[in-house]
Each structure stands twice: as structure tokens, then as C-alpha cells.
Amino acid sequence: MSRTTLSFYRYVRLKEVETLRHELYTEWDALGVLGRIYLSQEGVNAQVSLPTKNLDRFRSALDSREAFNNVPWKIAVEDDGKSFLKLAIKVKKKIVADGLADDAFDMTNVGEHLDAAAFNRKMEEGALVIDMRNNYESAIGYFEGAYLPKADTFRGAIDEVLGELKDKKQEPILLYCTGGIRCEKASAYLKHHGFSNVGQLHGGIIDYARQIKAQGLESHYKGQNFVFDERLAERITDDVVSTCMQCGTSSDRISNCHEVTCNMLLVQCEACATKYAECCSPSCREIHLLPEEVQRSWRKGRSTRSTKTKAINDPEGLRKRIREEEELLTLNGTLHPELTTLIP
Ligand SMILES: [Zn+2]
Ligand SMILES: [Zn+2]
């Protein structure tokens, strides 16, 4: 059965959010919808996958609610139908965890919305391009020449950008992110801080990719687009802009360490995936290769990291650690002396 992955968001006042959550769960579950949806009093932020044959019914279900009527959705360009494994609708304080005080600036004074063609044109005219995503997202793809924040949170990235551009408040600035939602906040925040010429990519990289394809435009975005579902990334162009964090060869294969108490994101080439058994380090590999029941006893009392949003950000340090661990392993036969009490 063919499935479609799509996403949408809207800043809109929602009332009785808990009740709404239950209604949506029943309604969407019946349509075979899977995905992760955040609801709050300030709106909705949804990433879902559903049987392609139910797209029209899902559209009607959305349109029948005033709050979601005509909400624009963005369809993923590359889709293996396995983007989500369950339906999770969560009630949150905010639909984007942004760390900003909302009453401190005017959320209605946002940057100019630009489509792909207009964004390209302004880029070609020399506007400064700013990536509003976190470091692990821009690791495998970005707009040519864009400023890529080193921070791994939205708040960190926005502070970094403010510092970086403090003398460029009059210059044309272009913001982009995955689906557009973070740029709504970021552009309003920059304008509040005196930036006069702020544009933002409407619909984000996801919709840029669709427009580029549909209109035969040149893609100034190179590589893969990091996404927050099981796929981890969708390919926009064949350019490989990153290197394997373990061996340094050209690669943009992004993966999570398969040792579940680690789960760190990393760029890992096929050869290293085999060598390290899909793990970030010899230490994680040793655990991951143990019989399942031994792994379970080793994990007792350790917390598993279920989120996919922490990345290795010091590849040099990782390579040094791998070298040291391999040496120790050769010397001692194990990196986990505590295991002797677990293995019968
Ligand atoms: Zn490698
Ligand atoms: Zn690991």
C-alpha cells in the first residue's frame, strides 16, 4: 500500500486542546495516519504519513475544522512509506521549542515569504543566506554559501546569528529551515532586533525541493535535507557535502548509533557502518554485539536516549576516541570490565 509523507503547521488560537487531541486521534487513526503532531494553544505542527488513497479524505477532515481549514501542506519528495511507525499527538506549551519569550516581540511582523524562484533570485543578487536549523541538520545539506550556525538548539542558533550579523542590519537577509515554521519565529525576532530586509523561504526546504522539480529550476540547495522521522533525510541533489565522521571519506549517510543508550547522530559511511556494527564507537559496538539478554541487563539503570536530536559535533575528537578504544580493546579484550559480572 502506497503511503505519502507530508507536513503542515499553523499558528492559530486553539481552544480545549486536550479534547481536540482526542478527537483528532480518533479521526486520523481511522484514516491510517501515522506521525508526530504537536498541539498547543498557539497552533499545530504536524508531520504525518498516511495511505495515499486517503489523502482526499484527510484533506476534507482538515478543512472541516475552522482552525485547520486550507492549511497548506508540504509533501515529501523522497518517500519509502516508512517515515513513521505510530501516531503520536502531543499537547505542548509551544509547537516549536524555541526558548524565546513570545511577549517580548511581535510575532505578526514576520519576514517576507519567498517562493523558490524568488529565493533563488535574491540569492543570485547577493543576499546573505542564513540556515536556521541546528548543526546536525546542516551537516548533510545546505544552501550554497549559507551561514551555518554551530549551535544545536534553535535558541543557540538565533543568538549566534544575531552576533554574526550585528553590523549587517540593513543588508538583505534570507532565512531558511526544514518546513518554514522556525523562520516565522526567527524572522520576527530578527526584525524586532532591527534587521530591516528579512526574507524567508516559504514552506522551507521541503517545499523548495518540490517547486524546483515542478518548475525545472536550478537547486541552490545541495545534498540532503535532514527530516525528523525514521527516514532521517531526503535527497535533494546528488551532491555529497559532508564526510564520514569516523574515517573522513566523502559520505552523507546519516545514522543513529544503534547502541540505544547512546543513539548519537553521526555521518557514517557504509564501510564504517560495517566495521563498527552501525555504532559510533568500539565501546558502543561491544555492547551492541552482545546477546540481547546481556544487553538488557547491562542497560538496567541506564537511561536510553529516545530522541534523535543529539549529534557528534567533534569528529576529530571521535576519531581520537576510536583510536584509543581500539588500542585498549586489543590490550584488554574488553572496553567494559563491568560485563564480567553479567556474562555467565
Ligand atoms: Zn567511514
Ligand atoms: Zn554510540
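Observations on the model:
- Using the empirical formula 2.2 N^0.38 Å as the baseline, the Cα radius of gyration of the chain reaches a ratio of 1.08.
- Cα gyration tensor shape of the stretch 163-248, rounded if a/c is under 1.5, else prolate or oblate by comparing a/b with b/c: prolate
- Counted by Cβ distance under 13 Å from His113, the other residues give a net charge of -3, where Lys and Arg count +1 and Asp and Glu count -1.
- Rel. contact order, % - alpha carbon contacts under 8 angstrom, at least six apart, the stretch 202-329: 18
- As a rough guide to protection, the peptides 292-301, 90-99, 261-270 ranked by mean Cβ packing within 10 Å, highest first, stand as 261-270, 90-99, 292-301.
- Estimated inter-spin distance, Ser297 and Phe228, nm [label 7 Å along Cα→Cβ]: 3.9
- Carbon/sulfur fraction of accessible area - the chain, other protein chains in place, 1.4 Å, %: 51
- Charge tally in the Cβ shell below 14 Å around Met1, where Lys, Arg are +1 and Asp, Glu are -1, Met1 excluded: +1
- Accessible area per residue in Å² at 1.4 Å probe, computed on the chain: 48
- DSSP-assigned coil residues among GluC sites (Glu not before Pro) in the stretch 46-137, each with at most 15 further Cβ atoms within 10 Å: Glu78, Glu125
- Placing +1 on the Cβ of every Lys and Arg and -1 on the Cβ of every Asp and Glu, with nothing else charged, gives the stretch 140-180 a dipole about its Cα centre of roughly 100 debye.
- Computed FRET value (nearest 0.05) for Lys166 with Thr340, which takes r as the C-beta separation and R₀ as 56 Å: 0.50
- Each of Met1, Ile312, Gly179 was placed along the dipole of the chain (beta-carbon charges, centred on the mean Cα), and the one lying farthest toward the positive end is Met1.
- Sparse packing (at most 12 other Cβ atoms within 10 Å of the Cβ) combined with a DSSP loop state is found for the following trypsin sites (Lys or Arg not before Pro) in the stretch 121-180: Lys150, Lys166, Lys168.
- Fully extending the segment from Glu316 to Ala104, taken as 0.36 nm per residue of separation minus the present Cα-Cα distance, adds 72.4 nm.
- For the stretch 39-192, alpha-carbon Rg and Dmax in angstrom: 17.2, 52
- Qualifying lysines (Cα of each under 30 Å from Cα of Lys169; at least 8 residues distant if same chain): Lys94, Lys122, Lys150, Lys185, Lys191, Lys222
- Qualifying trypsin sites (Lys or Arg not before Pro) in the stretch 1-51, DSSP loop, other Cβ atoms within 10 Å at most 11: Arg13, Lys15
- Separation of the stretch 229-246 from the stretch 313-344 is 28 Å, based on Cα centroids.
- Cross-link partners for Lys213 among the aspartates and glutamates, with Cα-Cα distance under 20 Å and sequence neighbours closer than 8 places in the same chain left out: Glu78, Asp79, Asp80, Asp115, Glu124, Glu144, Glu234, Asp238, Asp239.
The values are calculated or read from the model by the stated rules, or taken from the named source; none is laboratory data. Source: prediction; values computed, not measured. Quick reminder, even Gly has a Cβ in these numbers, built from the backbone with ideal geometry, and neighbours come from all protein chains shown. Quick note on the areas: whole protein, heavy atoms, side chains included, nothing else; ligands and nucleic acids left out. Shrake-Rupley method; radii C 1.70, N 1.55, O 1.52, S 1.80 Å.
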